[in-house]
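J.: Dropping the structure in here first, questions after.
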Amino acid sequence: AVKPLHGERWHMFNIENVTLSQRRIAIASALKEAIECDQLSLFFQPQIYLNTGKVHGAEALLRWEHPQLGNVPPDLFIPIAESSGIISDLTEWVITQALQYQKKMIVLLPEHIVSINISAKDLLRKDLPVLFITLLNEHQLNPANVMLELTESATLFEGVDIKNALNDYRLIGVKIAIDDFGTGYSSLAYLSKMGFDEIKIDKQFVMNIEYSKNDQTICRATCDIAKSLGSYVVAEGIEDSQSMAKLQSYGCEVGQGYFFSRPLPFEDYMQWLEENLETTTVFVNDLEKVV
Ligand code: C2E
Ligand code: MG
Ligand code: MG
Ligand code: MG
């Protein structure tokens, strides 16, 4: 479903009068110019070890600021980029930027892990592993500190190719996460077969964890399964200390969410990182209330 954008700006496209497919075409063609016209940026959202409060790393999240449309949310433009083929260029741009930034982030925190979102379609490309090797060498980065976040989607299940593609990345040494776990197509058999390094619980199960017994059950079970399979768990969408405490009690290793920080522009993230290097300030402040 296409979410409405911020208010009046849509009138630039006279959006009420166009069909959904016209809207998608308009966005796709605007997106083609986005890279050249410098309209894209990467934001970073911290990920925190829930047992110590130390920084695990950050997820790189793409932002698109269009001169007329304003901020277009990735949930809207990524699916359009995927279906129009523009995703290849976007992904290359994201990887190149993210690894450049990672080089600066490890100066502050050598064990900093940068997480990059990859489309299932990207995995079918043979040239992407080469791009990784080139960039990792160029910046002298440890591949083990690079995490690829794969969202479960139908494409992931269309062929066995994906498992092969993942092998290319495993040989390079980068880590693989399954993103938005529990919302898509994954079966438990799939989890066991693919051997993901990290499992990310989708925010839909985390945001109401305080009140929903079902969500508590799902989060606890996911943590148990992950542990048995040798993966570790990241919970996204942690917005308060109570949710953090619940996940911590289930053995969830890493947390991400507005409670710690919203996604930040690179310079702001660097400053946040510097201020939270020893242990995340918000974590320490709230720990007393929780325990
Ligand atoms: P995702 O990979 O699951 O990323 C997490 C999303 O949850 C981000 O939304 C983040 O801003 C949001 N989030 C994190 N903590 C909280 C919280 O506490 N509360 C709430 N309400 N939201 C929280 P964002 O940045 O809008 O990205 C949406 C999706 O777009 C991502 O979901 C990912 O699937 C896709 N995406 C973003 N950047 C890229 C990219 O560079 N490449 C690809 N292929 N997809 C991307
Ligand atoms: Mg992600
Ligand atoms: Mg996610
Ligand atoms: Mg998600």
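J.: Among 243-250, 208-215, 62-69, 77-84, what's the highest-first ranking by average C-beta atoms within 10 angstrom per residue?
T.: Working: 243-250: 20.6, 208-215: 14.5, 62-69: 16.6, 77-84: 18.9.
Per-residue mean Cβ counts within 10 Å order the peptides as 243-250, 77-84, 62-69, 208-215.
J.: Place the peptides 95-107, 20-32 in order of packing, highest mean first, counting for every residue the other Cβ atoms within 10 Å and averaging per peptide. Mind showing how you got there, number by number?
T.: Details: 95-107: 17.8, 20-32: 15.5.
Ranking the peptides 95-107, 20-32 by packing returns 95-107, 20-32.
J.: Let me ask something else. Under 1.5 on a/c is rounded, so check that first for the chain, then, if it is not, pick prolate when a/b is larger than b/c and oblate when it is not; a ≥ b ≥ c are the square roots of the alpha carbon gyration tensor eigenvalues. If you can, show how the numbers build up before the last one.
T.: Numbers: a/c = 1.36, a/b = 1.27, b/c = 1.07.
Rounded.
J.: Continuing with this model, one more query. If you fit an axis through the alpha-carbon atoms of helix 281-290 and take the longest principal axis of the Cα set of the chain, what angle between them do you get, 0 to 90°, nearest 10?
T.: Helix 281-290 and the main axis of the chain meet at about 50 degrees.
J.: Tell me whether the stretch 70-208 comes out rounded, prolate or oblate; compute the Cα gyration tensor, take square roots of the eigenvalues as a ≥ b ≥ c, and use a/c under 1.5 as the rounded threshold.
T.: Numbers: a/c = 1.33, a/b = 1.26, b/c = 1.05.
Because its axes are fairly even, with a/c under 1.5, the stretch 70-208 counts as rounded.
J.: Additional query: When the label point is put 7 Å from the Cα of residue 224 along its Cα-to-beta-carbon vector, which residues of the stretch 236-261 have a backbone N closer than 14 Å?
T.: Hits in the stretch 236-261 for residue 224 at 14 Å: 250-252.
J.: Considering Cα pairs under 8 angstrom that are at least six residues apart, work out the relative contact order of the chain and quote it in whole percent. Before the final figure, lay out the partial values.
T.: Values: 447 pairs, mean separation 56.5, N = 291.
Once normalised by length, the contact order is 19 percent.
J.: Follow-up question, since we're still on this one. In degrees from 0 to 90, rounded to the nearest 10, what is the angle of the helix 266-275 Cα long axis to the longest principal axis of the chain?
T.: 10
J.: Over the stretch 192-257, what is the mean sequence separation of C-alpha contacts under 8 Å (at least six apart), divided by residue count, expressed as relative contact order in percent? Walk me through the numbers on the way to the answer.
T.: On the way: 97 pairs, mean separation 25.2, N = 66.
It comes to 38 percent, rounded to a whole number.
J.: For the stretch 76-204, report the accessible area per residue in Å² (1.4 Å probe, heavy atoms, rounded to an integer).
T.: On the way: 5450 Å² over 129 residues.
Value for the stretch 76-204: 42 Å² per residue.
J.: Need the full-extension length gain, residue 127 to residue 140, defined as separation in residues times 0.36 nm minus the C-alpha distance. One decimal, nm. Display every interim value, and only then the final one.
T.: Working: separation 13, 0.36 × 13 = 4.68 nm, distance 1.98 nm.
Roughly 2.7 nm would be gained on extension.
J.: Starting from 0.36 nm per residue, how many nanometres of slack lie between residue 111 and residue 275 once their C-alpha separation is accounted for? Don't skip to the end; give the middle numbers.
T.: Values: separation 164, 0.36 × 164 = 59.04 nm, distance 1.64 nm.
Taking 0.36 nm per residue and subtracting the Cα distance, the gain is 57.4 nm.
J.: Could you let me know the centre-to-centre spacing of the stretch 121-150 and the stretch 92-111, using Cα atoms, in angstrom?
T.: Computed from Cα coordinates, the inter-centre distance equals 12 Å.
J.: So in the chain, what percent of DSSP beta bridges are antiparallel if you round to the nearest 5?
T.: Numbers: 16 of 39 bridges.
Of those bridges, close to 40 percent are antiparallel.
J.: Output the pairs from 54/203; 32/175; 126/200; 126/213; 163/203 with a Cα-Cα distance over 32 Å in this structure; if there are none, say none.
T.: Numbers: 54/203 21 Å; 32/175 30 Å; 126/200 26 Å; 126/213 44 Å; 163/203 26 Å.
Correct reply: 126/213.
The values are calculated or read from the model by the stated rules, or taken from the named source; none is laboratory data. Values in this document were obtained by computation on a predicted structure and should not be read as measured data. When we count neighbours, we look across all protein chains shown, and the Cβ atoms used for this are built from the backbone with ideal geometry, even at glycine. Heavy atoms of the whole protein, side chains included, go into the accessibility calculation; ligands, DNA and RNA do not. Shrake-Rupley method; radii C 1.70, N 1.55, O 1.52, S 1.80 Å.
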